[in-house]
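The values are calculated or read from the model by the stated rules, or taken from the named source; none is laboratory data. Here the structure is a predicted model, which means the values were calculated and not measured. Positions of Cβ are generated from backbone atoms using ideal geometry, with glycine treated the same way; all protein chains shown enter the neighbour counts. What goes into the accessible areas is simple: the full protein's heavy atoms, side chains included, and nothing from ligands, DNA or RNA. Shrake-Rupley method; radii C 1.70, N 1.55, O 1.52, S 1.80 Å.
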Amino acid sequence: MNMKKYLSKSDVIGSIRYQLRHPSGDNKVWIIVEGETDQKLFTKLIDGDCVEVEISHGGLSSLLDIVSVLLKETNRILGIRDADFLHLEGKKETAENIFLTDSHDVELMIISCDKAYLAVVAEYPNRENNPLSLRDKILKSNAFIGGLRWINNTDSLELNFQGLGFGNFYNGKTVVLDEEKCLRVVLERSPNKKKVISKEEILSKIKNVSDFLNLCTGHDFQKAFALCVNSNSRHEVRDVDIGKAFRLAYGFEDFKKSNLYRQLREWPGHQSFPLFK
């Protein structure tokens, strides 16, 4: 039985507090992330001897709470969160010791890396003469659902995207998202929505947006990418396999080129408690 699903932010806080009182925790630095795949990635990239990467077990709100609570007791606590729409809106994270991904989320930060992206694309059938053009097409095709997520975020509409599949409204062969069908599917699976929004509202929201790396989500990209691959192959690949392939392809030398890496190196405690070997 996987007990992780029963853990909460209180369990994380309690565990770190216990370690703070124990001699073995004297030199530890704890980095809190939103999910399990984030933990897998950053455990590989942030490899300091005394660094522990912990899941918040409650997403962004739990991550912010954990860091805020424990900062009152230690300065050896950090958080890495998905930027979500902050970059797109020209905003910064104001909470102390919280660092943002370069793009909308960790997944798109990896996908934006040409070296990692090309390494993954090389493993699958590809109709494009220039593989990077497929990345651009997928990002552009996901702009509509990115805009829908953006409005949901800014207006707190409580739309349900949990476990949303793309199969009903995305054509991997033509790399086209059926906007009307996508909107209908999301609204139908959201009984607690605050209001119904129109296709026109979404298109108006995104009409001047060209920064797709901060509008779209990495998980949506991976689902669309999988459908594109499957449309050109007899062997079906899952979006979770695509996500794993991207994490494996993204190395420390790639990470060193990111703003996130630079900011972590500039963290005041880095000299006393190195985050990297």
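Values computed for the structure shown
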| item | result |
| --- | --- |
| Looking only at segment 120-139, and only at residues there that are closer than 21 Å to M109 by Cα and touching a Leu at 6+ places or on another chain (Cβ under 9 Å), the one that is surrounded by the fewest Cβ atoms within 10 Å (Cβ to Cβ) | L132 |
| Filtered residue count, segment 177-197, keeping only those that are open to solvent by 90 Å² or more (accessible area, probe 1.4 Å) and of a type in the set (V, I, T) | 1 |
| Residue in segment 27-40 that is at pLDDT 95 or above, of a type in the set (K, R), farther than 27 Å from F252 by Cα and open to solvent by 30 Å² or more (accessible area, probe 1.4 Å) present | no |
| Some residue of segment 214-231 being touching a residue at least 24 places away in the same chain (Cβ under 8 Å), of a type in the set (D, E) and out of contact with any helix residue (DSSP H, G or I) (no Cβ under 7 Å at 6 or more places or on another chain) | no |
| Any hit, segment 1-18, residues being basic (K, R), more than 27 Å from F255 (Cα to Cα), out of contact with any Lys or Arg (no Cβ under 7 Å at 6 or more places or on another chain) and crowded, with 18+ Cβ neighbours inside 10 Å | yes |
| Selection count, segment 212-221, where residues are closer than 16 Å to F169 by Cβ and either open to solvent by 70 Å² or more (accessible area, probe 1.4 Å) or not hydrophobic (A, V, I, L, M, F, W, C) (or both) | 3 |
| Exclusive hit being open to solvent by 60 Å² or more (accessible area, probe 1.4 Å), touching a Lys or Arg at 6+ places or on another chain (Cβ under 7 Å), under 17 Å from L187 (Cα atoms) and not acidic (D, E), set N153, N168 | N168 |
| Residues (among the charged types (D, E, K, R) and either more than 21 Å from K44 (Cβ to Cβ) or touching a residue at least 24 places away in the same chain (Cβ under 8 Å) (or both)) located in segment 245-256 | R247, D254 |
| Failed item in (1) part of a loop (DSSP other than H, G, I, E, B); (2) within 17 Å of the chain's Cα centre (by Cα), with A116 passing the rest | (1) |
| Matching residues in segment 65-93 - criterion: being free of Cβ contacts under 8 Å to residues at least 40 places away in the same chain, out of contact with any Leu (no Cβ under 9 Å at 6 or more places or on another chain) and open to solvent by less than 50 Å² (accessible area, probe 1.4 Å) | L71 |
| The one condition in (1) touching a residue at least 40 places away in the same chain (Cβ under 8 Å); (2) open to solvent by less than 60 Å² (accessible area, probe 1.4 Å); (3) among the acidic types (D, E) that E52 fails to fulfil | (1) |
| Any hit, segment 120-140, residues being of a type in the set (D, E), at pLDDT 95 or above and not in a helix (DSSP H, G or I) | no |
| Within segment 205-244, considering residues that are part of a loop (DSSP other than H, G, I, E, B) and of a type in the set (D, E), the one nearest to I145 (Cα to Cα) | D211 |
| Which listed residue, of G163, G146, is small (G, A, S), closer than 25 Å to R81 by Cα and exposed (fewer than 13 other Cβ atoms within 10 Å of the Cβ) | G163 |
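To keep it simple, each residue is scored yes or no on (1) among the hydrophobic types (A, V, I, L, M, F, W, C); (2) modelled with pLDDT of 95 or more; (3) open to solvent by 10 Å² or more (accessible area, probe 1.4 Å).
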site: L203; (1), (2), (3): yes, yes, yes
site: S210; (1), (2), (3): no, yes, yes
site: A224; (1), (2), (3): yes, yes, no
site: E236; (1), (2), (3): no, no, yes
site: G243; (1), (2), (3): no, yes, no
site: K257; (1), (2), (3): no, yes, yes
